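Participant: This is the structure I have questions about; it appears just below.
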Amino acid sequence: MSACNNNNNNNNGDSSDRITGIKSALRVIPNFPKPGIMFQDITTLLLDPKAFKDTIDLFVERYKHEHISVIAGIEARGFIFGPSIALAIGAKFVPLRKPKKLPGEVISEKYTLEYGSDCLEMHVGAVESGDRALIVDDLIATGGTLCAAMNLLERAGAEVVECACVIEVPELKGRERLRSHGKPLYVLVESQFEPSS
Amino acid sequence: MSATNSDQSVTDDRVARIASSIRVIPDFPKPGIMFQDITTMLLDPVAFKDTIDLFVERYREKDISVVAGVEARGFIFGPPIALALGAKFVPIRKPNKLPGAVISEEYSLEYGTDKMEMHVGAVQTGERVLIIDDLIATGGTLAAAIKLLERVGANVVECACVIELADLKGRDHLGDKPVFVLVSST
C-alpha cells in the first residue's frame, strides 16, 4: 500500500488537494525532544479547521463501510483524532493509556523504548470477541507503540483491521514492523524534513 | 438554554442516558474518592454523540473561534466540538509535551504544584474561547486554563464539562467565568 493513499470513494484530485492542505498545515520543530529529531507537530493542523476536518473525513471515508466497531486511540494525540472518527462511523471509542490512568480493571502490554520500556493499558470489557478494530495515532515511527496496542486488542479478542496515522516516518520502518504482524497501515502524509517558517 | 416542553424532555432523555453511561469507580486514585469514569460513555455511541451534540447546540450561535481542551480527557471531547463549530482546537498540555515555544501557568494541587502549557501563537487577542474538560472538581485546573488564555488576551466565554462534582464547589473558584455541565454528581 503506498504511503499517501487516495481514497477509493473520492476522485483522486479532490483527495490529493485535501492531502496537500493537510501536509502544509503541519509544522516541523527541529531538535525536539532531543538533538537530531525533526518533530512532526500536528497542533498547527488543529488550528486550521478545514485541514482538520479534511483529515477526519479522509479516515471516515476509508472506514465507514468496513464494519468497524471499535476505534482505539493511543494517548494522548490519538485522543485528538480517534473520537471524531468513532462518532462519524458509530463505533465505540477506546482510549489506550499510560499506566495508572485508567480507573477500572485493565490489561497491560509492555513494550520497549530506545532506552528502557513503557506500558500501554486498556480497560477490561471495553472490547469484545468479534469487535473489528481500527487503531489511531497521530504518527507512526518505529511502530513499537502500535504493536503494543495491537497486542492489547487481540488479547481481548478483537480483530485489528488496520492502523491509521496522520503521519509516517518511513526511515524508522514502522510499516515493515506492522507488516510482520500481518497488519496493514494507512497514513495520509510522510514526515517532512524542513522546519516550517 | 430556552426550550419548549418537548425540547426539554428530549434534552432530559439524552442527559439521563449520558448520566447512566458514566461508571463510578470507588477508591480511585486513592481511598475515599469516587472516580467518575467517562470511558464507559465512550463505549455507547449514542450517549457519546448526544454529549457532543448538547455542547454544540449550546455554542453554535456564540461565535466561538477556539475550543481549548485540557490534557488528556479534554482531548476526547474538545476536537469533535471544535470540528462541529468550525473552530480551532488548542491542546492545553502537561509540561514538556508541546514541541514549540510555550507559555506556562503553574497551579496548586492538594500536595505541591503542577504546570500547564499552551503553544505561543495558537490563540490571538480577542478570540472567543470555550474551555473543555471531562470533569470539574475543585476548579483548580480550569482556573489555571482560564488564566493561561486570558494572558494571551483571549475572551473565555465559558467552561464546559461533562460532569461536575458539586460538593467541591469548583464553580466558586472560577471568578466570573460561567461553567456549563451536563451531569452534576454529589
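Just so it is clear, none of the values below were taken in a lab; they were calculated from the coordinates. For clarity, every value in this text was computed on a predicted model and none was experimentally measured. Neighbour counts run over all protein chains shown; Cβ positions are idealised from the backbone, glycine included.
Participant: Using a 7 Å offset from the Cα along the Cα-to-Cβ direction at both A:Ile37 and A:Asp14, what is the distance between the two label points in nm, to one decimal?
Facilitator: Computed distance between label sites A:Ile37 and A:Asp14 equals 3.8 nm.
Participant: For the residue pair A:Ser24 and B:Thr125, what label-to-label distance in nm results when each label sits 7 Å from Cα along the Cα-to-beta-carbon direction?
Facilitator: 2.9 nm
Participant: So if R0 is 22 Å, what FRET efficiency would B:Asp167 and A:Val124 give, r being the distance between their Cβ atoms, rounded to the nearest 0.05?
Facilitator: Details: r = 30 Å, r/R0 = 1.35.
Rounded to the nearest 0.05, the efficiency is 0.15.
Participant: In peptide A:117-127, what is the residue-averaged number of other protein chain Cβ atoms found within 10 Å of each Cβ? Could you put the intermediate results ahead of the total?
Facilitator: On the way: counts 0, 0, 0, 0, 0, 1, 6, 0, 3, 4, 1.
Mean shielding by partner chains, rounded to a whole number: 1.
Participant: Report, ordered by chain and residue number, the lysines lying within cross-link reach of A:Lys173, taken as a straight Cα distance under 16 Å and ignoring same-chain residues fewer than 8 apart.
Facilitator: The qualifying lysines are A:Lys183.
Participant: Magnitude of the Cβ-charge dipole of the protein assembly as shown, K/R +1 and D/E -1, about the Cα centre, nearest 20 debye?
Facilitator: Working: 42 positive and 52 negative charges, 97 e Å.
Computed about the Cα centre, the dipole is about 460 debye.
Participant: Going by how many other Cβ atoms sit within 10 Å of their own, how do B:Asp44, A:Asp138 line up, fewest first? Present the calculation step by step, with values, prior to reporting the outcome.
Facilitator: On the way: B:Asp44 17, A:Asp138 23.
Ascending number of Cβ neighbours within 10 Å: B:Asp44, A:Asp138.
Participant: Evaluate the Kirkwood expression for the hydrodynamic radius of chain A, namely the inverse of the mean inverse distance over all pairs of different C-alpha atoms, and round to one decimal in Å. Walk me through the numbers before you get to the answer.
Facilitator: Details: mean 1/r = 0.0586 Å⁻¹.
Computed over chain A, the radius equals 17.1 Å.
Participant: Considering only the other residues whose Cβ falls under 10 Å of the Cβ of B:Pro80, what net charge follows from Lys and Arg at +1 and Asp and Glu at -1? Walk me through the intermediate numbers first.
Facilitator: Working: positive: B:Lys49; negative: B:Asp53.
Around B:Pro80, the surrounding residues sum to 0.
Participant: Cross-chain or 8 or more residues apart, Cα under 15 Å: how many lysine pairs in chain B fit that? Count them up, please. It would help to have the intermediate numbers written out before the result.
Facilitator: Details: B:Lys62/B:Lys88; B:Lys94/B:Lys115; B:Lys97/B:Lys115; B:Lys115/B:Lys147; B:Lys147/B:Lys177; B:Lys169/B:Lys177.
Eligible lysine pairs with Cα atoms under 15 Å apart amount to 6.
Participant: For n ≥ 4 DSSP H runs only, could you compute -39500 (n - 2.57) per run for chain A, divide by its residues and tell me the 222 nm figure to the nearest 500? Display every interim value, and only then the final one.
Facilitator: On the way: 5 runs with 60 residues, N = 197.
Counting only the DSSP helices, I get -9500 deg cm²/dmol.
Participant: Which of rounded, prolate, oblate describes the protein assembly as shown, given a ≥ b ≥ c as roots of the alpha-carbon gyration tensor eigenvalues and a/c under 1.5 marking rounded, otherwise prolate only if a/b is larger than b/c?
Facilitator: Details: a/c = 1.39, a/b = 1.26, b/c = 1.10.
Note, shape of the protein assembly as shown comes out rounded.
Participant: Going 7 Å from the Cα of B:Ala101 toward and past its Cβ, which residues in segment A:153-197 have a backbone nitrogen under 18 Å from where you end up?
Facilitator: A:195-197
Participant: Follow-up question, since we're still on this one. For A:Lys101 and A:Glu171, calculate 0.36 nm times their separation in residues minus their Cα-Cα distance, and state this gained length in nm to one decimal.
Facilitator: 22.0 nm
Participant: Here's a follow-up. Compute the length gained on full extension between B:Asp63 and B:Ser184: take 0.36 nm times their separation in residues and subtract their Cα-Cα distance, giving the result in nm to one decimal.
Facilitator: Contour length minus Cα-Cα distance gives 40.9 nm.
Participant: Can you bin chain B into rounded, prolate or oblate? Criterion: square roots of the alpha carbon gyration tensor eigenvalues sorted a ≥ b ≥ c, rounded for a/c under 1.5, prolate for a/b above b/c, oblate for the rest.
Facilitator: Details: a/c = 1.72, a/b = 1.19, b/c = 1.45.
It comes out oblate by the Cα gyration axes.
Participant: Tally Lys/Arg at +1 and Asp/Glu at -1 over every other residue whose Cβ is under 13 Å from the Cβ of A:Cys147; what's the total? Don't jump to the answer; show the numbers that get you there.
Facilitator: Values: positive: A:Lys110, A:Arg155, A:Lys173, A:Arg175, A:Arg177, A:Arg179, A:Lys183; negative: A:Glu109, A:Asp118, A:Asp137, A:Glu154, A:Glu176.
Once all neighbours under 13 Å are counted, the net charge is +2.
Participant: Right, next: For peptide A:95-104, what's the mean number of Cβ atoms from other chains within 10 Å of each residue's Cβ?
Facilitator: The shielding value for this peptide is 4.
Participant: Let me know the charge dipole size of chain B about its Cα centre in debye, to the nearest 20, where only the beta-carbon of Lys, Arg (+1) and Asp, Glu (-1) is charged. Let's see the in-between values first.
Facilitator: On the way: 20 positive and 26 negative charges, 83 e Å.
Using Cβ point charges on Lys, Arg, Asp and Glu, chain B gives about 400 debye.
Participant: Take A:Glu159, project a point 7 Å from its Cα along the Cβ direction, then tell me which residues of segment A:83-100 have their backbone nitrogen under 18 Å from it.
Facilitator: The answer is A:91-92.
Participant: How do A:Ser69, A:Ser108 rank when sorted from fewest to most other Cβ atoms within 10 Å of their own Cβ? Numbers along the way, then the final one.
Facilitator: Values: A:Ser69 20, A:Ser108 13.
Result, fewest neighbours first: A:Ser108, A:Ser69.
Participant: Calculated FRET efficiency, B:Arg23 and B:Glu110, Cβ-Cβ r, R0 25 Å, to nearest 0.05?
Facilitator: Details: r = 24 Å, r/R0 = 0.94.
My answer for the efficiency is 0.60.
Participant: Per residue of B:66-79, what is the mean number of Cβ atoms on other protein chains within 10 angstrom of that residue's Cβ? Working shown, then result.
Facilitator: Values: counts 1, 1, 0, 3, 0, 3, 9, 4, 1, 11, 10, 2, 4, 10.
Going residue by residue through B:66-79 and averaging, the value is 4.
Participant: Given the rule -39500 (n - 2.57) for each run of at least 4 DSSP H residues, summed and divided by the residues of chain B, what is its mean residue ellipticity at 222 nm, to the nearest 500 deg cm²/dmol?
Facilitator: Working: 4 runs with 56 residues, N = 186.
Dividing the helical sum by the residues of chain B leaves -9500 deg cm²/dmol.
Participant: For B:Gln8 and B:Phe35 in one chain, what is 0.36 nm times their gap in residues minus the Cα-Cα distance, to one decimal in nm? Could the numbers behind the result be given before it?
Facilitator: Values: separation 27, 0.36 × 27 = 9.72 nm, distance 2.88 nm.
Length gained between B:Gln8 and B:Phe35: 6.8 nm.
Participant: Rounded, prolate or oblate: which fits segment B:2-89 when a ≥ b ≥ c are the square roots of the eigenvalues of the alpha-carbon gyration tensor, with rounded for a/c under 1.5 and prolate only if a/b beats b/c? Could the numbers behind the result be given before it?
Facilitator: On the way: a/c = 2.41, a/b = 1.29, b/c = 1.87.
It comes out oblate by the Cα gyration axes.
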